[in-house]
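Down below is the structure, laid out as structure tokens.
The values are calculated or read from the model by the stated rules, or taken from the named source; none is laboratory data. Please read these numbers as outputs of a predicted model, since none were measured by experiment. We place every Cβ from the backbone using ideal geometry, glycine too, and count neighbours over all the protein chains shown.
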Amino acid sequence: MTDEDINTEILLEHYRSPHNYGQIQDASAKMMEYNPVCGDTVQFTISVDGGAIRDIKFIGRGCSVSQASASMLTDRVLGKSLEEVKKITPEDILQMIGLSLGPSREKCALLSLNALHKCIRKYEEETGGN
Amino acid sequence: MLSSEHFKKDFPFFTGKGKNITFLDNAATTQKPAEVIDAISDFYTNFNSNVRRGIYRLSEEATDLYARSRENISQFIGSSDPRQLVFVRNATEALNLLAYSLGRGLKSGDEVLLTIMEHHSNIVPWQFLKDRGIRLRFADIKKDGTLDMDDFREKLNRKTRVVSVTETSNLLGTINDVREIGKMAHENGSTFIVDAAQSVPHMPVDVMRQDCDFMAFSGHKMLGPMGIGVLYGKADQLEALPPFNGGGEMITEVYEDHSVYAEVPDRFEAGTPNVAGAVGLSAAVDYLGRIGMENVREHEKDLISYTLEKERDMHVEGLVSYGPRDPEIRGGIYSFNLGEMHPLDLGGQMDERHLDIGKSVHPHDVGTDLDRDNIAVRAGHHCAMPLTHRLNVVATSRASYYIYNSRKDVDRLFDSLEKIVGVYS
């Protein structure tokens, strides 16, 4: 099996059985991102405590790349400080997925990062960053 | 019946890099036969010079080639006079030209009647007129994917100045009765435009018989090169139209305060034209002419009939498709989904009720997975987002056929689809 095959299987595994799937009741912030062009949707709920993500869940629907990247992202940011999460770049996400996605699929991969960054911004605006 | 394998030999793509590719994206663009590629190469090798400036023989030869290409393509669509044929970049540019130039004669309150099955190129240029108070109306479709003629009749009224309709839908494959629609438009006193981007490449089209005022199509969807397309217009209609682009070639005299425009079609061809493109498209028309457009149509009718049979017999889990089931009014276009995903309008909130995860495979995944089996299809909204949403889905996958496709290609598509269902379920 090539790396590409293994990473495809990992992606599909996240798609079929997403991690941290669901919604946090009484979340610190909630944010949905929808791409009307292809229908991909993710919605994050986060619990923030002491400037770090104590819990995160997502729901969504769409292509395997959009949903699997959201699932992987929740694993990656759980327990991390908001400052660290804000520093995650699109390149980090593409590397995390580890597949040579064409430019048309990169948008799918980056939907969740956009949503999470917006979610954090919303939280900071609402709480004044505390 | 055409022998698609026989045709493949004429296409360097299929004997080279594309040997193992099942190319089912012909509504987007088509492959090119060697004689088209050679014609372009021959122009640049032996005739390259600028046209319409014939002081020297080489330029006269190039000008002559350009004129003969125009005549050839003009005959191909049944136009009585080559001056009725304007070379543009593609169907999109032809429709932009019409929206701009016809649009200048429209006033606030006037209406442009389109259908919900239009490609973006027959919607967006007309939307540019909205800030001048011009209203767009869209005739709806029926459940079977055909145009709702009652709705069309209802929306056609004394304010309707322009009716612009696609002959074949690039998503549904629906072939509209443009002759009948044109009659109604003309009885109403409206200018009638046919977007023929998906029809001229696939069936006999005769502008005289259709009696359209204008028609638009692209070269690259009919074996010709990219960057060349056609605007056909009735001579008197073209002559009455103000120019679109200004510049060289489209004028006879220029003064500081005004210009005298050239006759049609030159008036609409500002700047150095795509002569090699015209020559290439002319070669493509020769190639198609030898096959015969009736035969092209019959071949694709067979492929779409076979596709619909296959769909019925194989029962691929979750497979739904769109468009008329009657091959007589259906082009070689097959849009489908493995489970449907609906558009959301949730005002920024979703809950579990809106999830259809696991119930469908997104067209992007279908496209990527078919690609792993070397099958090229398109996935998305196919530049027909209003229609996609009208079908209450976010996207579809689309297979579209041409002369070099065979029933075997359809078999490959369905075998691969069955495999994909297994992977995602």
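Of all residues in the stretch B:72-89, those satisfying the criterion of being of a type outside the set (K, R) and surrounded by fewer than 23 Cβ atoms within 10 Å (Cβ to Cβ) are B:N72, B:S74, B:Q75, B:I77, B:G78, B:S80, B:D81, B:P82. Test A:V42 against the criterion of being of a type in the set (V, I, T), within 14 Å of another protein chain (Cβ to nearest Cβ), under 26 Å from B:V421 (Cβ atoms) and in contact (Cβ under 8 Å) with a residue 40 or more places away in the chain, and give yes or no. Answer is yes for this residue. Assess whether B:G224 counts as being more than 21 Å from B:H120 (Cβ to Cβ) and crowded, with 24+ Cβ neighbours inside 10 Å. Yes.
Has the stretch B:224-237 got at least one residue that is touching a His at 6+ places or on another chain (Cβ under 9 Å) and on the phi > 0 side of the Ramachandran plot? Yes, the stretch B:224-237 has at least one match. Could you go through the stretch B:255-277 and let me know if any residue there is loosely packed, with under 13 Cβ neighbours inside 10 Å and assigned to a strand (DSSP E or B). Yes: the stretch B:255-277 contains one or more residues that are loosely packed, with under 13 Cβ neighbours inside 10 Å and assigned to a strand (DSSP E or B). Exactly one residue out of A:L101, A:L94, A:L116 is in a loop (DSSP other than H, G, I, E, B) and in contact (Cβ under 8 Å) with a residue 12 or more places away in the chain, and it is A:L101.
Beta carbons closer than 9 Å, at least 6 apart along the sequence or on distinct chains, pair a first residue in the stretch B:132-158 that is farther than 24 Å from B:S321 by Cα with a second that is crowded, with 17+ Cβ neighbours inside 10 Å and of a type in the set (F, W, Y) for B:I134/B:W126; B:L136/B:W126; B:K155/B:F138. Kindly indicate whether any position in the stretch B:27-39 is under 30 Å from B:F414 (Cα atoms) and in contact with a strand residue (DSSP E or B) (Cβ under 6 Å, 6 or more places away or on another chain). Yes; the residues of the stretch B:27-39 include at least one that is under 30 Å from B:F414 (Cα atoms) and in contact with a strand residue (DSSP E or B) (Cβ under 6 Å, 6 or more places away or on another chain). Against the test of being away from every other protein chain (no Cβ under 14 Å) and either surrounded by fewer than 22 Cβ atoms within 10 Å (Cβ to Cβ) or more than 24 Å from B:A379 (Cβ to Cβ) (or both), the options A:G98, A:G22 yield a single qualifying residue, A:G98. Scanning the stretch B:237-268 for residues that are of a type in the set (S, T, N, Q) and either more than 23 Å from B:Y66 (Cα to Cα) or at pLDDT 95 or above (or both) gives B:Q237, B:N245, B:S259. In the condition set (1) β-branched (V, I, T); (2) assigned to a helix (DSSP H, G or I); (3) surrounded by fewer than 17 Cβ atoms within 10 Å (Cβ to Cβ), B:T307 is compliant with all but (3).
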